[in-house]
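Right, one structure below, let's go through it.
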Amino acid sequence: MTGAGRGLGRDIAGLLADRGYRVMIIDLDEQTARAAAAEIGRGALWAVVDVRDSEQVGQARDRLVAETGGVDLWVNNAGVLLTGLAWEQSDDQRRLMLDVNALGSINGTVAAIEAMRGHGTGSPGGGGHIVNIVSLAGIAPVPGEAVYAASKHAVMGFSSSTAADLRLAGVRDIHISCICPDGIWTPMLFDKLEDPQAALSFSGVLLQPADVVRAVGKVLESPRPVTAVPARRGALARLGAVFPRLGTAVLPLMAARGRRKQRSLLRTRGASRP
């Protein structure tokens, strides 16, 4: 799985190992990937991969196939969040989010499908499950995070369209599930407490990584196209997407609530959890 060296990705990798999967930790940082694999044990593999590079992703996939005989499950978790107004962000910042979040998920999904259909090096095929960790930002607009939201909308559109393509091609044993969590108290948000552009990510009850890990565990047992975490916030996000004027009217109130939560967390900054 990608982005598995720390935080949420590391916790999901632990769940998979507990469920008997031979895990490959894929991360951009070698030390982080190596340490996570050693900590998980149970034959866990590791690979340094830039998910923006399809060749690197394919090489990691082929090594996994060679070591284990196939790919049953692939989790795309690598992601980057840079807040700010789109017209004030640099081209490099916009490209980084689009490339890592959207293209990275596309590269991982395509690599997994090739192996699951029997086209990976040495793979017998036989179906499988792809889990894309997305965000509620992939369902509804998020002020202050427009490019991030664009990258996550792209993952949602790609995932649902690719799932449909698989069915139309007669492939019924490969499933794609998207997990769309609200704000999670992980390193991605640790440095955003003084960032007003990130306020909406703090407007709900901040999730713990364990909340998302449980959601992943459920879709492993029963694949679902989209799972919002928590479900209530997912319903609000969908409502805002269906009725954009209503959603736009409510967003300032939600952002104000998020800023209050940021200030509260700053006052208790010494705590590791909100």
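Hey, among LEU15, LEU82, LEU28, which residue is open to solvent by less than 40 Å² (accessible area, probe 1.4 Å) and modelled with pLDDT of 95 or more? Write out each step before concluding.
Working: LEU82 fails: open to solvent by less than 40 Å² (accessible area, probe 1.4 Å); LEU28 fails: open to solvent by less than 40 Å² (accessible area, probe 1.4 Å).
Only one candidate passes the filter, namely LEU15.
Of the residues VAL75, VAL51, the single one that is modelled with pLDDT of 95 or more, under 30 Å from GLU194 (Cα atoms) and touching a strand residue (DSSP E or B) at 6+ places or on another chain (Cβ under 6 Å) is VAL51. Does any residue of the range 193-209 turn out to be without any contact (Cβ under 8 Å) to a residue 24 or more places away in the chain and either over 19 Å from GLY138 (Cα atoms) or touching a helix residue (DSSP H, G or I) at 6+ places or on another chain (Cβ under 7 Å) (or both)? No, the range 193-209 has no match at all. Within the range 53-73, can one find any residue that is part of a loop (DSSP other than H, G, I, E, B), free of Cβ contacts under 8 Å to residues at least 40 places away in the same chain and surrounded by fewer than 21 Cβ atoms within 10 Å (Cβ to Cβ)? No; the residues of the range 53-73 include none that is part of a loop (DSSP other than H, G, I, E, B), free of Cβ contacts under 8 Å to residues at least 40 places away in the same chain and surrounded by fewer than 21 Cβ atoms within 10 Å (Cβ to Cβ). Would you confirm whether any residue within the range 115-124 is under 22 Å from VAL48 (Cβ atoms), in contact with a Lys or Arg (Cβ under 8 Å, 6 or more places away or on another chain) and open to solvent by less than 20 Å² (accessible area, probe 1.4 Å)? Scanning the range 115-124, I find at least one residue that is under 22 Å from VAL48 (Cβ atoms), in contact with a Lys or Arg (Cβ under 8 Å, 6 or more places away or on another chain) and open to solvent by less than 20 Å² (accessible area, probe 1.4 Å), so the answer is yes.
Within this structure, LEU98 passes the test of being touching a helix residue (DSSP H, G or I) at 6+ places or on another chain (Cβ under 7 Å), buried (at least 17 other Cβ atoms within 10 Å of the Cβ), assigned to a helix (DSSP H, G or I) and among the aliphatic types (A, V, I, L, M).
The values are calculated or read from the model by the stated rules, or taken from the named source; none is laboratory data. All values reported here derive from a predicted model rather than from experimental measurement. Cβ atoms come from the backbone with ideal geometry, glycine included; neighbour counts cover every protein chain shown. Each accessible area value is taken on the protein alone, full model and side chains, heavy atoms only, with ligands, DNA and RNA left out. Shrake-Rupley method; radii C 1.70, N 1.55, O 1.52, S 1.80 Å.
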